[in-house]
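Undergrad: Before I ask anything, here is the structure I am working with.
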Amino acid sequence: MSECRKFIEVLNSFSPKKVALLCHRNADPDSFGSAYALRELLMKLYANMEVFIVSPEGLNSSSKRLLNHIDNVNVLETIEGSVDVLIMVDAISFTQLGSLGDFVKGSSIPLLIIDHHEPLKETIDRALYIASNTNASSTAEIVANFFKELHLNMSRSSALALLTAIISDSKRFLIASIETFRSVCFLMENGGDYSLALSIISEPMDISERIARLKGAQRLKLFRFGKWLIVFSNVSSFEASLARALIDLGGDLAVVVGGEGDDVRVSARSTEAFYRETGFHLGRDLMIPLGEFIGGTGGGHSTAAGANGCRNRDGIENFCIKIISSKIARG
């Protein structure tokens, strides 16, 4: 049975009347756009179902711009009242849910997950079903396939939301497969405006992000393992942006520590060549164990991953070096 059919079968078993779609905190276009389209899909399948979107800490800037170009929807920052089913969308750890994380983890409300990241033990243990495809560039691809498989018409707004999400999460198709482009064609055939989607994510870098990148470049530490250049740095925010910039500067793998105090965030990026030749998967080999080390969770893709926790900030660099050097030496 397909992921879509199994997902619907599990959902049907609860006969839900009220469903909450949970985005990760500060939701990006993949989390928000996927939730937006999934809301339409569920409302088409279940005429009497109430479906609402929850995004702890609101939407990020790209998602806010997306919201200006689609049919209006109310996005909540917390769960209001009782619900029958919770669905995490593009969120594979409870830490990603921010203030709602402990509630969702400890609740007895049935939980389903749709995500394109490697499932974690904590969510595998809690969720009744996880619709996961780690080969997809985005969760939006999974949701688009739900529409295709169920032969459901899609609004122009949902097509735009999913198209924007795919372009954003695939890094403008730097991380893409033939299935990614099939999804893009499907969404454009359903009214998704490619030029508009591209403009939504093409925001000029604000001065705060530029400053963070420059400060991070000043603080970088460089390690060489054979032909590979491994770079570490730290900033209080924009750690993912800095990690990408350090790769652009010439690093093969960049690890950036962000946050302040007990808010420990780590973002990592590597080149495709580094992954292809070493087999070192950032999500599986580095961020999952690092997440445990910093008292939280981690995961992600082969060349883009992250972790969130609350301790051991000063030990992150040594911890990562041991894992990276060990893996490269074995390779």
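Undergrad: Which value in Å is the Kirkwood Rh of segment 40-117 over different Cα pairs?
TA: The Cα-based Kirkwood calculation yields 13.9 Å.
Undergrad: Right, something else. Give the accessible area for Ile130 in Å² (nearest 10); use a 1.4 Å probe, count only protein heavy atoms, and leave out ligands, DNA and RNA.
TA: So the heavy atoms of Ile130 present about 30 Å² to solvent.
Undergrad: Using mean Cβ contacts within 10 Å as the protection proxy, how do 38-44, 190-196, 75-81 order, highest first?
TA: Ranked from most to least packed, the peptides come out as 38-44, 190-196, 75-81.
Undergrad: Only Lys, Arg, Asp and Glu count, each charged at its Cβ (+1, +1, -1, -1), so figure out the dipole size of segment 280-331 about its Cα centre, rounded to 20 debye.
TA: 100 debye
Undergrad: Too long at a 23 Å Cα-Cα cut-off: which of Lys18/Lys105; Lys64/Lys215; Lys44/Lys64?
TA: Lys64/Lys215; Lys44/Lys64
Undergrad: How about Lys221: which lysines have a C-alpha closer than 22 Å to its C-alpha, ignoring those fewer than 8 places off in the same chain?
TA: Hits, sequence-local ones excluded: Lys322, Lys327.
Undergrad: If each DSSP helix of 4+ residues adds -39,500 (n - 2.57) and the sum is divided by the residues in the chain, what number results at 222 nm, nearest 500 deg cm²/dmol?
TA: -13000 deg cm²/dmol
Undergrad: Rg(Cα) of the chain divided by 2.2 N^0.38 Å?
TA: Cα-based Rg divided by the globular estimate yields 0.98.
Undergrad: How compact and how long is segment 119-185, expressed as Rg and Dmax of its alpha-carbon atoms in Å?
TA: Both quantities, over Cα of segment 119-185: 13.1, 37 Å.
Undergrad: Determine, for each peptide in 227-234, 282-289, 103-110, 300-307, the mean count of other beta carbons within 10 angstrom over its residues, then list the peptides with the highest first.
TA: 300-307, 282-289, 227-234, 103-110
Undergrad: As a test, work out the antiparallel percent of DSSP beta bridges whose residues both lie in the chain, rounded to the nearest 5.
TA: Restricted to the chain, the bridges split so that about 45 percent are antiparallel.
Undergrad: Only bridges whose two residues both fall in segment 172-269 count here: according to DSSP, what percent of them are antiparallel, nearest 5?
TA: So the antiparallel bridges amount to about 65 percent of the total.
Undergrad: Here is a further query. Principal axis lengths of segment 171-264 from Cα atoms, whole Å, largest first?
TA: Sorted largest first, the three principal extents are 47, 34, 25 Å.
The values are calculated or read from the model by the stated rules, or taken from the named source; none is laboratory data. Given the structure is predicted, the values throughout are model-derived calculations rather than measurements. We place every Cβ from the backbone using ideal geometry, glycine too, and count neighbours over all the protein chains shown. Heavy atoms of the whole protein, side chains included, go into the accessibility calculation; ligands, DNA and RNA do not. Shrake-Rupley method; radii C 1.70, N 1.55, O 1.52, S 1.80 Å.
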